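Notes follow the structure.
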Amino acid sequence: MSGDLEVSALAINVTIPQDLRWTDTRRGEEFTLTTLNVRLLPDGRLAAKAYGRPVGGGRGAYVSFPVPDRPELAALVDAAASRAAALWAAHRGLG
């Protein structure tokens, strides 16, 4: 069965530490970005999106934004992927 099984991506969610959070605007509304969704694509590359809620609170949507090209955010993505790999290896009895 594993030969027929197609996995399109593996994903992890990471809370963005307070000192790395930022705001962005969509359709005139400001959002605070608090979470990263990091995906391991079938070709081995990592892809990430940031998610957040409106600054004013309320019941606004949880909206995705691109992750800015900042070294500290790239390091967070790499650290999260490494931590997820270690957890997976431990789960499989490999670590």
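For this structure, a couple of remarks:
- Some residue of region 4-23 being farther than 23 Å from Arg83 by Cβ and surrounded by 10 or more Cβ atoms within 10 Å (Cβ to Cβ): yes
- Output for region 24-62, where each listed residue is under 25 Å from Arg83 (Cα atoms) and among the hydrophobic types (A, V, I, L, M, F, W, C): Leu33, Leu36, Val38, Leu40, Leu41, Leu46, Ala47, Ala48, Ala50
- Counting the residues of region 41-69 that are free of Cβ contacts under 8 Å to residues at least 12 places away in the same chain and in contact with a helix residue (DSSP H, G or I) (Cβ under 8 Å, 6 or more places away or on another chain) gives 0.
- Scanning region 3-27 for residues that are more than 15 Å from Phe65 (Cα to Cα) and among the charged types (D, E, K, R) yields Asp4, Glu6, Asp19.
- Extreme residue, modelled with the lowest pLDDT, among residues of region 10-34 that are assigned to a strand (DSSP E or B) and of a type in the set (Asp, Glu): Glu29
- Residue ID - modelled with the highest pLDDT, chosen from residues in region 52-70 that are part of a strand (DSSP E or B) and farther than 12 Å from Glu30 by Cα: Pro66
- Of all residues making up region 71-88, the number that are of a type outside the set (Gly, Ala, Ser), surrounded by 12 or more Cβ atoms within 10 Å (Cβ to Cβ) and at pLDDT 90 or above: 5
- From Arg70, Arg53, Arg26, Arg39, residue being of a type in the set (Lys, Arg) and within 24 Å of Ser8 (Cα to Cα): Arg39
- Hits in region 35-50 (condition: modelled with pLDDT of 95 or more and either among the aromatic types (Phe, Trp, Tyr) or more than 12 Å from Val67 (Cβ to Cβ) (or both)): none
The values are calculated or read from the model by the stated rules, or taken from the named source; none is laboratory data. Just so it is clear, the structure is predicted and the values come from calculations on it, not from any experiment. Cβ coordinates were reconstructed from backbone atoms using ideal geometry, including for glycine residues, and neighbour counts include every protein chain displayed.
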